[in-house]
Amino acid sequence: MSEEQKTKKTEAAEQEPEMQTAEEKEQQAPEQEAPAEEKAKKEKKKTAQLEERIQTLEAEATQKDERYLRVLAEYDNFRKRSQKERSSVYQDAQIAVFEVILPVLDNLERAAAAETADEGVRMILRQFQDILKKCGVEECGREGEPFDPNFHNAVLHAEGEGSGETVIAQVLQKGYTMNGKLIRPAMVKTTDSCGA
């Protein structure tokens with residue numbers, strides 16, 4: 001074979017793969033487009049699934065936040081209620097103690113009011129009254145005050161001249177309150193005051 005023939009064969013062989021490559025490229029192009037579309041569809045599907053998952057997680061987070069706030073509010077209410085109950089129990093215990101002590105105070109007042117009362121009895125009475133005042137214990141029900149059934153116990157009633165408001169005519173036994181809460185009601189005799 002001559003060199004020319006060899007060259008022509010070589011050129012033909014070189015051109016053939018180039019042509020096949022172009023033809024293959026044309027055939028492979030639709031095949032490559034199909035995987036690209038499929039890949040895009042898969043990505044869209046995956047994106048949709050992720051978005052759905054995000055929405056689900058956000059809904060769960062919102063529910064957990066609401067539940068947390070409810071539990072926090074319930075705990076705060078429980079704490080306040082417990083504190084109020086403790087305070088109430090403490091005050092009720094103090095009132096129970098003063099309730100037991102008040103008859104002793106009544107006897108000291110009677111002893112100090114007697115003509116034969118010693119100065120020591122009067123001093124003890126004043127000291128006792130000062131201690132009660134420091135503890136927030138105050139008398140309730142004095143003569144001339146309007147009658148209040150929440151703080152006074154009317155055991156006698158005298159018809160008065162007026163037809164107005166009912167007032168205390170006489171205090172038979174002193175009543176006491178502690179920080180506005182009744183320890184013992186005052187036993188009183190009432191009468192009707194003159195109307196204005």
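Please tell me which of these pairs span more than 24 angstrom C-alpha to C-alpha: Lys41/Lys64; Lys133/Lys181; Lys133/Lys174? Cα-Cα > 24 Å for Lys41/Lys64; rest within.
Distance between the pseudo-spin-label points of Asn107 and Thr56 (7 Å out from Cα toward the beta carbon): 8.0 nm. Taking a ≥ b ≥ c as the square roots of the eigenvalues of the Cα gyration tensor, an a/c ratio of 1.5 or more together with a/b no larger than b/c marks region 77-196 as oblate.
With R₀ set to 45 Å, the beta-carbon distance separating Leu182 from Leu69 gives a calculated FRET efficiency near 0.65.
Let a ≥ b ≥ c be the square roots of the eigenvalues of the Cα gyration tensor of region 36-142; is it rounded (a/c under 1.5), or, if not, prolate (a/b larger than b/c) or oblate? Prolate. By other beta-carbon atoms within 10 Å, ranking Thr166, Thr116, Thr56 with the fewest at the front produces Thr116, Thr56, Thr166.
Approximating the spin labels as points 7 Å out from Cα along Cα→Cβ, the Ala96-to-Asn77 distance works out to 2.9 nm.
One Cα centroid belongs to region 88-161, the other to region 167-196; the line between them spans 11 Å. Looking at region 117-162, the GluC sites (Glu not before Pro) that sit in a DSSP loop and have at most 15 other Cβ atoms within 10 Å of their own Cβ are Glu143, Glu159, Glu161. FRET efficiency for the pair Asn150 and Ala117, taken as 1/(1 + (r/R0)^6) with r the Cβ-Cβ distance and R0 = 22 Å, rounds to 0.05. In this label model, Lys44 and Phe128 are separated by 9.7 nm, measuring between points 7 Å along each Cα→Cβ vector.
Here, each number is a calculation from the coordinates, and none is a lab measurement. Please read all numbers here as calculations on a predicted model, not as lab measurements. Glycine gets a Cβ as well: all are built from the backbone with ideal geometry, and neighbour counts include every protein chain shown.
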